[in-house]
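Here's the structure, in structure tokens; my notes come after.
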Amino acid sequence: MAPTHLRGALNMMFQLATTLGIFTANMVNYGTQKLEPWGWRLSLGLAAIPATLMTVGGCLLPETPNSLIEMGSKERGRKVLERIRGTDKVDAEFEDMVDASELANSIKHPFRNILKKRNRPQLVMAICMPTFQILTGINSILFYAPVLFQSMGFGGNASLYSSAVTGAVLAGSTFISIAAVDRLGRRVLLISGGIQMIICQVIVAIILGVKFGDNQELSKGYSILVVIVICLFVLAFGWSWGPLGWTVPSEIFPLEIRSAGQSITVAVNLLFTFIIAQCFLAMLCHFKFGIFLFFASWITVMTIFVYFFLPETKGVPIEEIIFLWRKHWFWKKIIPEYPQVDDSHNV
């Protein structure tokens, strides 16, 4: 539904809502942990509030122009489009939507279609972007921040407080991305954020490796420094891979494979979230400070990947994204110049 020149910023409202939810959850946990012995019940029970809001909001949410057109309600789709654009001069955009819908409806098997050679760049991004987003290590830090801070000498209350601080930083940093994404572009934010995250991970690894041995606690000064560097890491993630890990996949799929592509993106994200969550504590025990170098190595890989393989999508209508792949130095060697070439030779 977003207009092209605001698509990136509006897409990132998803990440903003997520980070605000994480921050709110941290603050609820911090506030209820003193209410013994029933505080944890209150903390869990309060989750019913956002669940209720989502249910009511879902009932009130209108259909998008694309979905209405795809279901055959072209007139309703045009009226919704005119309402959200604030003008009745939407002929060109409406025709693009109708054309894309007709093509999408001609595709009977989107999951089979996404495997074709002409959709190879989108498939690679649908897998790599969510995988890389999790391999930054952000979920591990957010999930186990209390464990990390306790192991570095903070008390239980300080651990929850530190988690709340990282949640606040993550939410605040999303505003930076919203303000910059449609001005600077996706690649600049991903690469700059990646470089900052690498530096932060290496600094934390060095501090813990040199100053934090077996059965030792960090001094207060070094503990504060570690928290600051972790916050800088979270800040970098919040303006780069956090929101853009969702934004980029959401805008690269043509309509005929968008449902399949978005499904793959979400499934891969949840799969790697589960894997890292299950493995992190064991990896922390075995790798110790090396866990941060492990994630720094992956961030290096993903930053190089973005530099060489991800074209800039800023200001490009979704219906025209296909031309970016055909002009890209690498992907143009893989996808056919004309779609019918691929249709006659299934890959």
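Only residues that are crowded, with 16+ Cβ neighbours inside 10 Å and either under 25 Å from the mean Cα position of the chain (by Cα) or within 12 Å of Glu319 (Cα to Cα) (or both): list them for the range 105-117, please.
Passing the criteria: Pro110, Asn113, Ile114.
Give the range 108-139 a look and list any residue that's in contact (Cβ under 8 Å) with a residue 60 or more places away in the chain and basic (Lys, Arg), or say none.
Lys116, Lys117, Arg118, Arg120
Quick check: is even one residue across the range 37-56 open to solvent by less than 70 Å² (accessible area, probe 1.4 Å), modelled with pLDDT under 85 and closer than 30 Å to Ala179 by Cα?
no
Which one of these is of a type in the set (A, V, I, L, M, F, W, C), open to solvent by less than 30 Å² (accessible area, probe 1.4 Å), under 22 Å from Phe14 (Cα atoms) and modelled with pLDDT of 85 or more: Val268, Val169, Val229?
Sole residue among the options that is of a type in the set (A, V, I, L, M, F, W, C), open to solvent by less than 30 Å² (accessible area, probe 1.4 Å), under 22 Å from Phe14 (Cα atoms) and modelled with pLDDT of 85 or more: Val268.
Applying the selection to the range 49-93, what residues are in a loop (DSSP other than H, G, I, E, B) and either under 23 Å from Leu6 (Cα atoms) or in contact (Cβ under 8 Å) with a residue 12 or more places away in the chain (or both)?
Matches in the range 49-93: Leu61, Pro62, Glu63, Thr64, Gly86, Thr87, Asp88, Lys89, Val90.
Pairs, please: C-beta under 6 Å, at least 6 apart or cross-chain, first residue under 18 Å from Ile230 (Cα atoms) and in the range 273-301, second modelled with pLDDT under 90 and among the β-branched types (Val, Ile, Thr)?
Within 6 Å, the pairs are Leu284/Ile291; Phe292/Val204.
Just to be sure I understand, how many residues within the range 19-48 are over 27 Å from Pro243 (Cα atoms), outside any helix (DSSP H, G or I) and within 29 Å of the chain's Cα centre (by Cα)?
0
The values are calculated or read from the model by the stated rules, or taken from the named source; none is laboratory data. Everything numeric here is computed off the predicted structure, so don't read it as measured data. Don't worry about glycine lacking a Cβ; one is built from the backbone with ideal geometry, like all the others, and counts go over all protein chains shown. These accessible areas exclude ligands, DNA and RNA; they are computed on the full protein's heavy atoms, side chains included. Shrake-Rupley method; radii C 1.70, N 1.55, O 1.52, S 1.80 Å.
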